Amino acid sequence: MSLLCETPHPSRRAVLMTGGALFAWAYLPRFARAADNHDPRLIVIVLRGALDGLSAVGPVGDPDYAGLHGDIALSLSGPHAALPLDAFFAVNPAMPVFARLFKASQAAVVHAAATGYRERSHFDGQDVLESGFAGPGHVATGWLNRALASLPAGDRVATLGGLAVGPSTPLVIRGAAPVLGWAPQSLPAPAGDLATRVLDLYQHRDPVLAVALQKGLDANKMALDDQIGAKPMKPRGGLDSAAGMRQAAQGAARLIAADDGPRVAALAFDGWDTHVNEGGATGRLATLLGGLDGAFEEFEKGLGERWKDTAIVAITEFGRTARINGTVGTDHGTGTVVLLAGGAIKGGRVIADWPGLKPAQLYQQRDLAPTSDVRAVLKGLLADQFGLSAAVLGEKVFPDSGAVKPMMNLIV
């Protein structure tokens with residue numbers, strides 16, 4: 001397929017100049033809105049590091065919960081009381097925006113969920129989550145990109161392509177379909193042959209934008225040069241901080257809301273590996289959840305009238321242990337939560353076939369047992385938002401997953 005490029009609209013240029021570095025938009029046509037004014041969008045947020053679903057959305061009505069999850073269990077009483085969702089579940093108090101959206105039927109939870117992966121390697125778990133294959137070892141393309149590529153030729157969602165937010169393109173959206181890459185100011189500018197080609201393109205088509213991109217590349221090179229000969233440093237990024245999550249969502253929302261902007265986006269937020277001093281209603285996990293909550297708020301504000309057509313899904317590679325460890329954290333587990341938000345979400349529900357938390361009910365006597373498949377949730381969103389058939393979803397988007405049926409009625 002031949003790909004075209006054109007100079008961004010001036011309003012888009014202003015967004016890119018103030019928000020970060022443009023490094024790859026393979027196709028940028030202009031389209032009017034659909035005649036029926038239905039213009040669906042899907043935003044995927046990958047929480048890397050494995051989320052403790054029992055401290056994000058606590059089963060406060062389960063009599064075994066408090067004793068099992070110990071000091072980091074949520075409670076409906078006390079100075080940091082959890083926010084009730086229904087008679088059984090409550091969300092972490094760090095997420096008041098999500099709680100508000102839930103009450104407005106614009107957010108939902110799928111609890112006790114997991115992919116088909118049952119080991120506890122972050123790398124393999126993220127591979128399975130983002131590639132959409134049943135097992136690890138598939139790192140060439142992601143399920144979200146294959147979903148775009150599976151749409152009919154000429155489909156507006158496919159033609160406008162996807163958006164990848166971060167210093168590198170998340171696996172979930174890598175592939176043949178066109179993708180725009182965008183990095184907030186706090187993130188490294190792109191480097192390598194791709195950035196060089198894009199820079200050359202804009203030097204000819206948009207010199208102002210080319211100058212901004214070159215500055216970003218130069219700054220990134222200086223940062224890398226400073227690390228030569230030093231011991232390895234934590235990768236720069238900022239998407240493991242509350243402020244970074246908000247900034248990423250704010251910039252992404254501006255691009256996604258535009259008439260000629262991408263309808264599909266992927267963001268990856270780091271830092272969810274909470275082995276030590278996790279905290280429950282307060283502490284490290286609560287700070288991260290507050291950042292995710294802030295991202296939901298930025299999308300709600302930034303998408304404006306397009307919020308009503310938007311579905312956001314936050315997913316992670318696996319859950320964490322039901323019991324806390326000796327360092328007041330949790331280790332790698334299995335079942336966790338999928339968080340859904342957006343004006344298009346049929347919300348106000350916690351969807352769960354609750355497995356229970358008694359020792360015999362735990363997976364391998366240590367984890368929340370999974371009773372829902374994350375792929376079923378994702379299939380349901382793709383089917384309802386973009387009309388992909390169960391056959392395409394089971395064969396092309398999530399290969400060899402025909403037995404996993406799409407979860408229906410997630411979208412209004």
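Residue count for the range 158-176 under the criterion of being open to solvent by 10 Å² or more (accessible area, probe 1.4 Å) and out of contact with any strand residue (DSSP E or B) (no Cβ under 6 Å at 6 or more places or on another chain): the result is 7. Evaluation of Gln361 against the conditions (1) over 27 Å from Ala140 (Cβ atoms); (2) touching a strand residue (DSSP E or B) at 6+ places or on another chain (Cβ under 7 Å) shows that the sole unmet condition is (2).
Would you pick out the residues in the range 255-276 that are more than 15 Å from the chain's Cα centre (by Cα) and either part of a strand (DSSP E or B) or buried (at least 22 other Cβ atoms within 10 Å of the Cβ) (or both)? Within the range 255-276, Leu255, Gly261, Pro262, Thr274 meet the criteria.
Taking Leu382 as the residue in question, decide whether it is open to solvent by less than 60 Å² (accessible area, probe 1.4 Å) and in contact with a strand residue (DSSP E or B) (Cβ under 8 Å, 6 or more places away or on another chain). First the steps, then the outcome.
Working: open to solvent by less than 60 Å² (accessible area, probe 1.4 Å): yes; in contact with a strand residue (DSSP E or B) (Cβ under 8 Å, 6 or more places away or on another chain): yes.
In short, yes.
Filtering the range 314-341 to residues that are open to solvent by less than 10 Å² (accessible area, probe 1.4 Å), out of contact with any Asp or Glu (no Cβ under 8 Å at 6 or more places or on another chain) and part of a loop (DSSP other than H, G, I, E, B) leaves Glu317, Phe318. Of the residues that make up the range 327-341, is at least one free of Cβ contacts under 8 Å to residues at least 12 places away in the same chain, more than 20 Å from Val110 (Cβ to Cβ) and more than 21 Å from the chain's Cα centre (by Cα)? The answer is no; no qualifying residue exists. Can you confirm whether the range 284-303 contains a residue that is touching a residue at least 12 places away in the same chain (Cβ under 8 Å), in a strand (DSSP E or B) and under 15 Å from the mean Cα position of the chain (by Cα)? So far as the range 284-303 goes, no, none of its residues is touching a residue at least 12 places away in the same chain (Cβ under 8 Å), in a strand (DSSP E or B) and under 15 Å from the mean Cα position of the chain (by Cα). In the range 74-115, which residue that is in contact with a Ser or Thr (Cβ under 8 Å, 6 or more places away or on another chain) and surrounded by fewer than 21 Cβ atoms within 10 Å (Cβ to Cβ) is farthest from Lys379 (Cα to Cα)? The extreme case among them is His80. A count restricted to the range 383-407 and to residues that are part of a helix (DSSP H, G or I) and of a type outside the set (A, V, I, L, M, F, W, C) stands at 5. Only a single criterion out of (1) in contact with a Phe, Trp or Tyr (Cβ under 8 Å, 6 or more places away or on another chain); (2) closer than 24 Å to Ile411 by Cβ; (3) open to solvent by 10 Å² or more (accessible area, probe 1.4 Å) is not satisfied by Ala295, namely (3). In summary, Leu357 fulfils each of the numbered conditions (1) open to solvent by 20 Å² or more (accessible area, probe 1.4 Å); (2) over 21 Å from the mean Cα position of the chain (by Cα) with the single exception of condition (1).
The values are calculated or read from the model by the stated rules, or taken from the named source; none is laboratory data. Just so it is clear, the model here is predicted, and its values are computed rather than measured. Backbone-built Cβ (ideal geometry, glycine too); neighbour counts: all protein chains shown. The area values use the complete protein model at the heavy-atom level, side chains included, leaving out ligands, DNA and RNA. Shrake-Rupley method; radii C 1.70, N 1.55, O 1.52, S 1.80 Å.
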